[in-house]
1. Go through the stretch 229-259 residue by residue and tally those that are assigned to a loop (DSSP other than H, G, I, E, B) and farther than 16 Å from Phe77 by Cβ.
2. Look at the stretch 260-276 and say how many of its residues are more than 10 Å from ligand 1 (Cβ to nearest atom) and in a loop (DSSP other than H, G, I, E, B).
3. Looking at the stretch 59-115, which of its residues are of a type outside the set (Ser, Thr, Tyr), in a loop (DSSP other than H, G, I, E, B) and under 30 Å from Ser49 (Cα atoms)?
4. Hey, does the stretch 110-127 have a residue that's surrounded by 19 or more Cβ atoms within 10 Å (Cβ to Cβ), touching a Pro at 6+ places or on another chain (Cβ under 8 Å) and modelled with pLDDT of 95 or more?
5. Looking only at residues that are more than 14 Å from ligand 2 (Cβ to nearest atom) and β-branched (Val, Ile, Thr) in the stretch 264-298, which one is surrounded by the fewest Cβ atoms within 10 Å (Cβ to Cβ)?
6. Tell me the residue from Asn188, Asn192 that is out of contact with any Phe, Trp or Tyr (no Cβ under 9 Å at 6 or more places or on another chain), among the polar types (S, T, N, Q) and over 18 Å from Ser296 (Cα atoms), please.
7. Can you name the residue in the stretch 5-17 that is farther than 10 Å from Leu133 by Cβ and among the hydrophobic types (A, V, I, L, M, F, W, C) and, of all such residues, is farthest from the chain's Cα centre (by Cα)?
Amino acid sequence: MAMTNVQEMSMNGEQPPAEYIVKESKFGSIDSSPPLADEIPIIDISLFSPLSPQYSEQAENHELQKLRSALSSAGCFQAIGHGISDSLLDKVREAAKQFFALPVEEKEKYSRAVHGGAEGYGNDVVVSEKQVLDWSYRLTLRVFPENQRRLHLWPQNPNDFGEMLHEYATKVKLMMGIVFKAMAKSLNLEDNSFAKQLFGDQSLMQARFNFYPPCSRSDLVLGVKPHTDRSGVTCLLQDKDVEGLQVLIDGKWVRVPIVPHAIVLNLGDQMQIMSNGIYKSPMHRVVTNGEIMRLSVALFNEPDPETQIGPVEDLIDETRPRLYKNVKNYGRINYECYQRGEIALETGLTSHHLNEFQKAKLASQPKPLHNPAQWSPPSPRWIKINVDDTEGVGVVFYDEAGSYTGGFNRKISHATNPKMIELLAARDGVCWELNQHWQQVLLESDALQIVQAIGSLNEEIHGL
Ligand SMILES: O=C(O)CCC(=O)C(=O)O
Ligand SMILES: [Fe+2]
């Protein structure tokens with residue numbers, strides 16, 4: 001796919017080309033001004049630290065309650081009292097601004113395309129012909145573990161860029177040590193329940209500097225398309241003056257307000273897994289501005305790929321069965337699913353035993369089944385069946401809006417071959433749907449043979 005230069009198009013006020021134009025999706029159209037979120041609280045991190053002068057048990061408990069309520073609904077909050085000075089936050093924004101203002105040739109020295117791999121400078125990574133491209137540039141750098149830094153990709157200009165990033169990331173890491181403990185405490189868990197995986201020497205921190213040039217047709221493009229972060233927790237420093245970030249809460253987009261010296265803490269998928277679905281990894285997107293550029297700096301915190309993560313045992317019980325499998329290298333799983341147009345948390349690779357009760361509980365914040373850039377919902381009165389061949393089988397139904405509408409679990413003991421299990425579950429799913437008086441059923445499975453086999457059963461099923 002030919003890459004167009006967003007910055008040049010932006011400066012010339014050109015119309016965005018077709019590959020940037022967002023199609024109608026289940027998330028609705030682009031709205032640059034939905035309501036401001038009132039579900040995203042400001043939380044004072046210093047109240048989680050007994051050494052701070054403001055600390056009292058009562059104040060901490062109050063803040064822990066706010067934390068729990070924010071993370072189980074919006075999945076994000078604005079952190080203040082983080083101990084990072086206003087001047088350092090301004091320095092981070094300023095260094096990012098100076099880097100993106102450099103001539104293209106200068107920035108291209110750090111280009112991802114030249115150096116290979118996920119790190120470096122560039123546009124949206126293109127993984128599919130059908131993908132709608134983001135109206136943005138990014139500079140991605142691994143910051144921790146320190147010995148994994150690829151310093152030849154760290155900008156030399158402005159000359160204090162490296163020093164700034166090291167100082168900022170070190171302070172954010174300290175803050176995260178406190179936040180991971182507070183998150184555990186807010187769920188009545190041992191302090192180290194999340195920090196064990198997310199805060200070790202080998203845990204990863206990836207920095208992403210986002211630059212969104214203005215777009216003359218900001219009604220047609222997105223700075224970042226709807227996504228959830230793959231991280232454990234993302235720390236986002238927003239632009240001080242220009243809004244753009246929106247979060248999907250209860251199926252509606254809301255604007256995340258600018259709180260100049262707060263850092264937005266946004267949960268990623270791995271925290272949703274570790275909290276057994278109690279805490280949410282919110283769907284979010286970025287809209288562009290018609291006249292002004294916007295910047296943001298995201299620090300993604302996640303475990304080392306070799307570390308296994310899974311729901312904390314104490315969060316699994318009869319009332320809340322295990323929702324996710326234990327997995328290693330979730331980053332890769334997430335990426336592979338993205339390439340196939342699936343959402344990792346919804347697939348058999350991560351989701352455990354899907355049953356009606358569990359899905360219904362999760363449905364408080366419905367998630368799409370597929371990558372919004374690649375998935376188009378079935379037409380009305382159709383339904384999709386997704387078959388998951390984990391231990392036994394979960395069959396889940398989605399309606400035309402991509403919302404969960406039902407599902408069941410099935411233990412199929414007489415078939416040992418996993419493909420056979422999937423086939424039987426798919427057949428049951430189709431029959432169940434037809435019993436519910438659906439005229440047409442659209443079956444989706446990653447196994448071609450199964451889809452073909454069900455296709456050939458078509459007549460028989462319609463005769464039921
Ligand atoms: O720019 C923003 O506010 C958010 C960016 C984002 O979601 C990301 O980098 O994952
Ligand atoms: Fe994000």
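The values are calculated or read from the model by the stated rules, or taken from the named source; none is laboratory data. Since the structure is predicted, the reported quantities are computational estimates derived from the model, not experimental observations. Every residue, glycine as well, gets a Cβ built from its backbone with ideal geometry; the counts of neighbours run over all protein chains shown.
1. Result for the stretch 229-259: 9.
2. 5
3. Hits for the stretch 59-115 are Ala74, Gly75, Gly81, His82, Gly83, Ile84.
4. yes
5. That would be Ile292.
6. Criteria check complete, one pass: Asn188.
7. Only one residue tops the list, namely Met11.
Results for (1) within 24 Å of the chain's Cα centre (by Cα); (2) more than 18 Å from Gln339 (Cβ to Cβ), shown as yes or no for each residue.
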position	(1), (2)
Val92	yes, yes
Gln98	no, yes
Ala118	yes, no
Tyr121	yes, yes
Asp124	yes, no
